[in-house]
Amino acid sequence: MAQLSNNVIKCVEEEEKEEDYLLSKEWKGLVSTLPKEQGWLSRNIYKYQGFWYDTKHIQGVLSLQKHFKAKEKDIILVTTPKSGSTWIKALAFALLNRHKYPNAQKNHPLLTNNPHLLVPFLEISLYSKKDFVPNLDSIPSPRLLSTHLPFVSLPESIKNVNCKIVYLCRDPKDVFVSLSIDESFKQFCRGVSPFGPFWEHALGYQKESLKRSDKIMILTFEKMKLHPELVLKELAKFIGCPFSKEELSKGMVDDILNLCSFDNLSNLEVNKNGKLPNGAEAKVFFRRGKIGDWKNYLTTQKIQKLDTIIENTLAKHGLTF
C-alpha cells in the first residue's frame, strides 16, 4: 500500500512539473478545472470546448484565442494531425510564392526548409510558449498560417473577418494508423484523441462551408492523391492566385506538384536529417503518403468499427473518402 501511495505521489508531482513547465500562470487555474484523461501521446489530455488537447498544446490554444488578430486576406490551413498537413502546407506555399520563386528546382525555400517552418502552426508553434505573445504584424499579406483547431475553438477574429480557410480531411482509418494502434483504438473511437473527436472536427468545418463556401474550402486527402492537377487549380483559384493560361501552357501545375510530391520532399536532406526548432525530427512528418494503408494494419473488427462510426457521423453529412 505504501508503495502504491508513493507511486501516486510521484505521478502527481510529475504532472505538476509538466504543467509548471508548459503552462503560464494565466491558464493554470482554467486548465485545472478541465476534464482530463490519460493520453496515449502525452501524460494527460484535456477536454476544452468539446475537444481534447495535450498539455503541450492547451497553452497555445488558450493564448491563440486571446491574442491572435486575423486579417481579411489571411489564409488559414486547417487539418487534424496526420491528415496531410505537410503536403497542403507545401502546395499552398508554392502556389502563393510561385512568382517570387518561378524556378521550382533552384533556390526554392521548400528545398531547404521543412514545410512546417514555412507555414507554422499557430497553437503548436507560434503561440505555444508560456508568457510570450508573438508579433505577426510583420508577416506580409496574405499571411499563410495553419492550425489543428476545430471551428468552434478558432479565435473569434478568424470567424469575424471572413479570411479564407482551407480544411483538409482524410479517411479516419488512415489517420488512425498514422498515430498508433492497439493502445489508442478505443480512445480514438470515443473521440479522445489530440484535437478530437475527429468526426466532430470535420463536421464543424463541413457545416460552416455550406453556409459560406466562398470562404471555407473542404478538401480530402484522397481527392488530392487521385486528382492532384484538378485540386491544385481549385486551390489556387480559391486562395486568390489562379493560374494564368501562360502558366498552364508552361507546365507550372506539374512543376509545383513535382516540387511538393511526397517522394521529392521526403528525400530532401532537410527532411531526412533535419530537425524543427522544438527538436522534432523532420522525417516524422513523412510517413507513407498513401491511400488505404490502413488495410495493412487494422483487423477486420477494427475496420468495421471505424466504418460504422464514419457512416453514422461523416457520411450522412456528405463527407466521404
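Some values worked out for this structure:
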quantity	calculated
Unique match (being of a type in the set (S, T, N, Q) and either closer than 20 Å to Leu145 by Cβ or touching a Phe, Trp or Tyr at 6+ places or on another chain (Cβ under 6 Å) (or both)) among Asn103, Asn44, Asn114, Asn107	Asn114
Test: residue in segment 9-22 that is at pLDDT 65 or above and part of a helix (DSSP H, G or I)	yes
Residue that is farthest from Lys164 (Cα to Cα) [pool: residues in segment 211-234 that are touching a residue at least 60 places away in the same chain (Cβ under 8 Å) and touching a strand residue (DSSP E or B) at 6+ places or on another chain (Cβ under 7 Å)]	Phe221
Hits in segment 95-124 (condition: in contact with a His (Cβ under 8 Å, 6 or more places away or on another chain) and either hydrophobic (A, V, I, L, M, F, W, C) or closer than 25 Å to Gly60 by Cα (or both))	Phe121, Glu123, Ile124
Any pair with Cβ under 7 angstrom, 6 or more apart, that starts in segment 134-159 at a residue that is under 27 Å from Leu203 (Cβ atoms) and ends at one that is among the polar types (S, T, N, Q) and buried (at least 21 other Cβ atoms within 10 Å of the Cβ)	Ser146/Ser85; His148/Thr79; His148/Thr80
Filtered residue count, segment 23-38, keeping only those that are hydrophobic (A, V, I, L, M, F, W, C) and in contact with a Lys or Arg (Cβ under 9 Å, 6 or more places away or on another chain)	3
Within segment 306-321, considering residues that are farther than 14 Å from Asp174 by Cα and not β-branched (Val, Ile, Thr), the one surrounded by the most Cβ atoms within 10 Å (Cβ to Cβ)	Leu314
Any chance Leu34 is over 21 Å from Gly204 (Cα atoms), more than 14 Å from the chain's Cα centre (by Cα), aliphatic (A, V, I, L, M) and part of a loop (DSSP other than H, G, I, E, B)	yes
In segment 235-271, residue nearest to the chain's Cα centre (by Cα) [restricted to those that are more than 26 Å from Cys163 (Cβ to Cβ) and in a loop (DSSP other than H, G, I, E, B)]	Ser261
In segment 142-158, residue farthest from Asn264 (Cα to Cα) [restricted to those that are of a type in the set (Val, Ile, Thr) and over 15 Å from the mean Cα position of the chain (by Cα)]	Val152
Any hit, segment 184-200, residues being farther than 18 Å from Lys305 by Cβ, modelled with pLDDT under 95 and either among the aliphatic types (A, V, I, L, M) or part of a helix (DSSP H, G or I) (or both)	no
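Let's see how each residue does on (1) modelled with pLDDT under 95; (2) surrounded by fewer than 22 Cβ atoms within 10 Å (Cβ to Cβ); (3) farther than 25 Å from Met224 by Cβ:
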residue	(1), (2), (3)
Ala70	no, yes, yes
Leu77	no, no, no
Ile88	no, no, no
Val152	no, yes, yes
Val161	yes, yes, yes
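The values are calculated or read from the model by the stated rules, or taken from the named source; none is laboratory data. These numbers were taken from a predicted model, which means no experiment stands behind them. Note: ideal-geometry Cβ built from the backbone for every residue, glycine included; neighbour counts use all protein chains shown.
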